[in-house]
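Reviewing the structure listed below.
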Amino acid sequence: MILAMLREAFVAMAANRLRAALTMLGMVIGVAAVILMLAIGRGVEDSVQRSIASMGSNLFIVLSGSVSQGGLRMGSGAAPTLTLEDAAAMRELPGVLAVAPTLPGGAQVVYGSANWGTQVNGTTPDYLEVSTWGIASGTVFDDSDVRGATRVAMLGQTVVSNLFGAEEPVGKTIRIKNAPFVVVGVMARRGQSLDGRDQDDTVLVPVTTAQRKLFGAQFQGVVRFISVKAESEGVMTRVEDELNALLLERHRIRAGADPDFTVRNLTAIAETAAQTTRMMALLLGAIASISLVVGGIGIMNIMLVSVTERTREIGIRMAIGASRAHILWQFLLESVVLSLAGCLIGVGCGVLGAYVVSHTSEVAAIVSASSIALGFSVAAAIGIFFGFYPARKAARLQPIEALRFQ
Amino acid sequence: MATTPVIDCRGVVKDYVTDAGTLHVLKGIDLTVLAGEFVAIMGPSGSGKSTLMNILGCLDVPTAGRFLLAGSDVGTLAEPELARLRNQTIGFVFQGFNLLNRATLEDNVALPLVYARVNAAERRDRARALLDQVGLGAHAQAFPNKISGGEQQRVAIARALVTRPALVLADEPTGNLDTHTSVEIMQLFEGLNQRGMTIVVVTHEADVAAWARRLVQLRDGVVQYDGPVPEQFRKAS
């Protein structure tokens, strides 16, 4: 019975191919849009999540304050107020897992005939722990390198590929600002940061080496910023308060006066970014689903025309024994078949579109099984919902009048 | 069962309410048709024969009076049972053939069996057998618009017979056909009747009525004549 009716639905569609195709087009576009938008939203969300994960979790960054010179205010990080001693004191606070004082600077790095301009970060071995960063080969320089200000360096993948190509860098000597440095290790690939910076384009050296031999420091032991990693999410607020209290005390800042440093909670910022992308993905999906509804209305339109056109056929069917329920099901089935067929093609187009987007732009569009399932069930629901009114109209025809219809 | 009439109308009244007032189309029809009869219903336009036809075909129900079709009181039935009666007990043959142009001849003949929930294999077998019987077995996969009117009417008759109904109701079955083809169709009905099928034909042509064995004439909503087909009808054919 259901098979025979399904066959009739296909025959009816085949009899009006162009019309069926145009009707389906609405559904195709709707479903494809929903799937593509959800995929793009998911992809963006994913890349944000990945950036957050690579940035490290439970992270603070302590920046030194601004300085005024002859009326010019230099902005955060300009004042030479944060020192290695501050960092050492932070390390002693309860709830603090790792502390990495950092003095960054730009420098030209040379190996043989190759040279590459990159960011050189003077820091401590804790830096890799704070930023949840592993090493690909070699070792991390240790605390004795920091104490002794030795000329050792660790390279990011981008620097390695630009200086060494396929050659193994560990054990080789490079020149930074014309001073020789031995490469002791290479960091694992890390990818882009939240703001799109290449995190692998960097060189790490002991912070003391950077202070004394590369960039110089205005005062003994000064760094630009200090990254702090807390033990867990639960202690973040307490650690933030204690960092503030500690620095206020160490820098002898009276209550009410402007502090010469800033403590920023990076994890909170990252979470806001993640939330924003999630909202954006939802919004995209919502806009796309409007086109699904429009597609459904298109189906209702065509089914209403179809019922009017086939009034006589409905009369014949009733005369030879079709009940109202049969007629209702026949037209309902037809609209469901139409919308499901449109949905199937739409899924194909959506997946194809996601593939094209992934390969032509920076956004990785990720099609999830749940978005396909969603597209399908919504399409079926729309087929039934918008097919019901025309089908009921067909079923309510009086057989005598339907037979008389020309 | 043998004693139950196929058609049993008792004082059937049909009124239509229009803007101009109530129209009394049938004013009390008494009609009994037994199994195996071949009845022609005649009457001028406006006599109510189409309305009677619709009631006999369970497409409409009487305003008053009782109509029993093979023992079932049609006036008391709800829509799904009426549909079942149309499907199982009646075979319709229309003036305009009323085949579905999108479906093959075989599918057209098998269509009533779809609503009778007969499985696909049996549907095909029974449709093929009936197409063979009306001489169109070779065209089972053809479409209705590719064959002649007479052939279409044969297909319609095959469709009417496919559920093995108790009654074949034909409404002006030769109205769209030429004389020669009309004779062929009426011969087909006569053959069916000789094998025991109850047939009621509604017509306004004496030539057609002449094939029947009993004539019912309507005028202004009442039965004016009910008896054997008069001799002068036969001469005309």
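Under a crude label model (7 Å from the Cα following the beta-carbon direction), how far is A:ALA325 from B:ASP178 in nanometres?
4.8
Report the full-extension gain for the segment A:ILE384 to A:LEU25: residue separation times 0.36 nm, less the Cα-Cα distance, to one decimal in nm. Could you put the intermediate results ahead of the total?
Numbers: separation 359, 0.36 × 359 = 129.24 nm, distance 1.74 nm.
That works out to 127.5 nm of additional length.
Hey, rough spin-label estimate for A:SER137 and A:ALA166, points 7 angstrom out along Cα→Cβ, what's it come to in nanometres?
Each label point is offset 7 Å from its Cα along the Cβ direction, giving 1.2 nm.
Limiting things to C-alpha atoms, what are the Rg and the maximum Cα-Cα separation (Dmax) for chain B, in angstroms?
Cα-based Rg and Dmax for chain B come out at 17.7, 53 Å.
Fully extended, how many nm does the chain gain between A:GLN406 and A:GLN108 (0.36 nm per residue separation, minus their Cα-Cα distance)? It would help to have the intermediate numbers written out before the result.
Numbers: separation 298, 0.36 × 298 = 107.28 nm, distance 8.81 nm.
Between A:GLN406 and A:GLN108, full extension yields an extra 98.5 nm.
Give the separation of the Cα centroids, the stretch A:184-218 to the stretch B:104-171, in Å.
86
Among A:ALA373, A:ALA391, A:ALA98, which one shows the highest mean-square fluctuation when chain A is modelled as a Gaussian network with alpha-carbon springs under 10 Å?
A:ALA373
Report, by chain and number, residues whose modeled amide H sits under 5 Å from the one on B:ILE29, excluding near sequence neighbours (fewer than 5 apart, same chain).
Residues meeting the amide H criterion: B:GLY11, B:VAL12, B:VAL13.
Applying 1/(1 + (r/R0)^6) with R0 = 45 Å to the Cβ-Cβ distance of A:ARG50 and A:ARG392, what FRET efficiency is obtained, to the nearest 0.05? Numbers along the way, then the final one.
Values: r = 51 Å, r/R0 = 1.13.
The pair A:ARG50/A:ARG392 has a calculated efficiency of 0.30.
Quote the relative contact order of chain B in percent (integer), defining contacts as alpha-carbon pairs under 8 Å separated by 6+ residues.
Working: 474 pairs, mean separation 65.0, N = 237.
Reported as a whole number, the value is 27 percent.
Where in the stretch A:165-265 are there chymotrypsin sites (Phe, Trp or Tyr not before Pro) that are in a DSSP coil and have at most 14 other Cβ atoms within 10 angstrom of their Cβ?
On the way: sites: A:PHE181, A:PHE215, A:PHE219, A:PHE225, A:PHE261; in loops: A:PHE215, A:PHE219.
The qualifying sites are A:PHE219.
Could you work out Rg/(2.2 N^0.38 Å) for the stretch A:309-406, with Rg from alpha carbons only? Show your work: numbers first, answer last.
Numbers: Rg = 19.7 Å, N = 98, 2.2 N^0.38 = 12.6 Å.
Compactness ratio reported: 1.56.
Give, rounded to the nearest 20 debye, the magnitude of the charge dipole that chain A has about its Cα centre when Lys and Arg contribute +1 at Cβ and Asp and Glu contribute -1 at Cβ. Display every interim value, and only then the final one.
Details: 33 positive and 31 negative charges, 319 e Å.
For this selection, approximately 1540 debye.
R0 = 35 Å: FRET efficiency of A:ALA257 with A:SER368, Cβ-based, nearest 0.05?
It comes to 0.10.
For chain B, set up a Gaussian network in which alpha carbons nearer than 10 Å are linked by springs, and say which option among B:ASP220, B:ASP73, B:ASP19 fluctuates the most.
Of B:ASP220, B:ASP73, B:ASP19, the Gaussian network model singles out B:ASP19 as fluctuating most.
When the chain is fully extended, how far beyond the present Cα-Cα distance does A:SER377 get from A:GLU92, taking 0.36 nm per residue of separation?
Details: separation 285, 0.36 × 285 = 102.60 nm, distance 5.69 nm.
Length difference between fully extended and current span is 96.9 nm.
Give the lysines reachable from A:LYS213 as a straight Cα distance under 17 Å; neighbours fewer than 8 places away on the same chain don't count.
Within reach: A:LYS177.
Taking only the alpha carbons of the stretch A:136-239, what extent do you get along each of the three principal axes, in Å, biggest first?
Principal-axis extents of the Cα atoms in the stretch A:136-239, largest first: 46, 34, 24 Å.
Packing-wise, with mean Cβ within 10 Å as the measure, how do A:35-41, A:99-105, A:356-362, A:184-190 rank, highest first? Don't skip to the end; give the middle numbers.
On the way: A:35-41: 26.0, A:99-105: 22.9, A:356-362: 12.1, A:184-190: 19.4.
Put in order of decreasing packing, that is A:35-41, A:99-105, A:184-190, A:356-362.
Tell me which lysines have Cα within less than 16 Å of B:LYS49's Cα, excluding those fewer than 8 residues away on the same chain?
Correct list for B:LYS49: B:LYS14, B:LYS27.
Could you derive backbone 3J(HN,Hα) for the stretch A:4-19 from the dihedral phi with the Karplus parameters 6.51, -1.76 and 1.60 (θ = phi - 60°), listing whole Hz in sequence and x where the residue is Gly or Pro?
3J(HN,Hα) across the stretch A:4-19, in whole Hz: 4, 6, 4, 4, 5, 4, 5, 4, 4, 5, 5, 5, 10, 4, 4, 5.
Taking 45 Å as R0, compute the FRET efficiency from the Cβ-Cβ separation of B:GLN141 and B:ASP15 and round it to 0.05. Write out the running numbers ahead of the final one.
On the way: r = 47 Å, r/R0 = 1.05.
After rounding to 0.05, the efficiency reads 0.45.
Rounded to whole Å and sorted largest first, what semi-axes of the equivalent ellipsoid does the C-alpha gyration tensor of the stretch A:80-259 yield via the square root of 5 times each eigenvalue? Kindly include the intermediate steps, with their values, before the conclusion.
Working: eigenvalues 191, 65, 38 Å².
Semi-axis lengths for the stretch A:80-259 are 31, 18, 14 Å.
Which distance in nm do the two modelled labels at A:ARG312 and B:GLU81 give, with both placed 7 Å along the Cα-to-Cβ direction?
If labels sit at A:ARG312 and B:GLU81, their model points lie 3.4 nm apart.
List, in order, the whole-Hz ³J(HN,Hα) value for each residue of the stretch A:250-261 obtained from phi through the Karplus relation with A = 6.51, B = -1.76, C = 1.60 and θ = phi - 60°; use x for Gly and Pro.
5, 8, 6, 9, 6, 4, x, 7, 5, x, 9, 8
What longest region of chain B stays clear of trypsin sites (Lys or Arg not before Pro) that DSSP places outside H, G, I, E and B and that have at most 15 other Cβ atoms within 10 Å?
Working: sites that count: B:ARG117, B:ARG195, B:ARG213.
That would be B:1-116.
Based on alpha-carbon atoms only, what is the radius of gyration of the protein assembly as shown relative to the globular estimate 2.2 N^0.38 Å? Provide the component values of the computation, followed by the final result.
Numbers: Rg = 44.8 Å, N = 643, 2.2 N^0.38 = 25.7 Å.
The value comes to 1.74.
How crowded by other chains is A:310-319, given as the mean number of beta carbons from other chains within 10 Å of each beta carbon?
On the way: counts 2, 0, 3, 5, 0, 3, 11, 7, 7, 13.
Counting other chains' Cβ atoms within 10 Å and averaging over A:310-319 gives 5.
The numbers here are math on the coordinates, done by the rules we state, and not lab data. Just so it is clear, the structure is predicted and the values come from calculations on it, not from any experiment. A quick note on method: Cβ atoms are made from the backbone with ideal geometry, for glycine too, and the neighbour counts reach across all protein chains shown.
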